[in-house]
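For reference, the structure is listed below as structure tokens.
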Amino acid sequence: MTMHRRTFLTAALAGGATLAAGRSLAAAPDPMSKEAVLHDPQAPLLGNPKGDVTIVEWFDYQCPYCKQAYPDVMKIVRDDGQIRLVMKDWPIFGPPSEYAAQLTLAAGKYRPQALDALMRTPGRLTNPEIDATLKAAGFNIAALKSAYRRDQARIDEILTRNKTQAEGFGFFGTPAYIVGTVVFPGVPKMADFKQAIADARAKKSG
């Protein structure tokens with residue numbers, strides 16, 4: 001499924017969202033502020049934390065389109081080397097998706113490995129399949145569950161914030177991306193994705 005890209009401003013207005021430049025998350029807890037969307041300090045990062053272009057993706061571990069695009073997006077991030085990739089869990093496919101998000105966010109600095117393992121699974125998932133996949137990737141499931149229980153309030157706040165943002169932008173499902181100031185509500189053509197990255201850099205240098 002390929003969706004046409006939209007400008008960040010258009011999508012924000014359509015969804016009733018505002019990106020208030022210059023606000024910090026601490027000063028303005030509004031989940032739709034620019035800082036909360038692009039620079040949420042609680043949202044784990046992939047890619048280069050100091051990169052000059054930010055990509056935000058709302059995804060679900062059971063979403064076939066998310067999994068279809070994942071290898072291509074990750075290749076672009078690796079090949080480029082200067083991209084901040086913010087992967088925002090938006091578990092909309094039911095309890096297994098919520099369970100997967102809870103465990104991977106509880107993995108802390110090892111979340112990229114947990115995320116990668118689950119994003120490479122085919123099709124829908126059950127809790128036992130999630131456990132087996134993470135165990136095969138080297139994780140102790142009991143330890144992940146314990147870590148989630150200890151950090152439940154913070155992790156649940158992240159998931160609530162991600163959901164609020166996705167709905168605020170009027171996204172109908174996963175995946176959905178922001179590349180610089182361009183919104184892709186669905187699986188993008190990689191050529192369009194790369195052009196949006198180039199455009200974001202051109203705006204910064206212009």
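Since every read-out is calculated from the coordinates, none of them should be taken as a lab result. Owing to the predicted nature of the structure, the values given are computational and were not obtained by experimental measurement. Positions of Cβ are backbone-derived with ideal geometry, glycine not excepted, and every protein chain shown enters the neighbour counts.
See the values below:
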{"item": "Fraction of beta bridges assigned by DSSP in the chain that are antiparallel (%, nearest 5)", "result": "60 percent"}
{"item": "Helix axis angle, 190-205 relative to the chain longest principal axis, alpha carbon, degrees", "result": "60 degrees"}
{"item": "Sum of -39500 (n - 2.57) over DSSP H runs of 4+, divided by residues of the chain (222 nm, nearest 500)", "result": "-15500 deg cm²/dmol"}
{"item": "Stokes-Einstein diffusion coefficient of the stretch 65-206, Kirkwood radius over Cα pairs, 37 °C, 0.692 mPa s, in µm²/s", "result": "201 µm²/s"}
{"item": "For the chain, built as a Gaussian network whose Cα springs stay under 10 Å, the top-fluctuating residue of D72, D131, D40", "result": "D72"}
{"item": "The stretch 147-165 residues near the modelled Q113 label - backbone nitrogen below 19 Å, point 7 Å along Cα→Cβ", "result": "147-148"}
{"item": "Sequence of K145, K75, K34 once ranked by neighbouring C-beta atoms within 10 Å, starting from the fewest", "result": "K75, K145, K34"}
{"item": "Lys/Arg +1, Asp/Glu -1 at C-beta; the chain dipole; positive extreme among Y61, G81, L38", "result": "G81"}
{"item": "Cβ-placed point charges (K, R +1; D, E -1), dipole of the stretch 6-205 about Cα centre in debye, nearest 20", "result": "320 debye"}
{"item": "Helix 152-168 axis, angle to the chain major axis (alpha carbon atoms, nearest 10°)", "result": "40 degrees"}
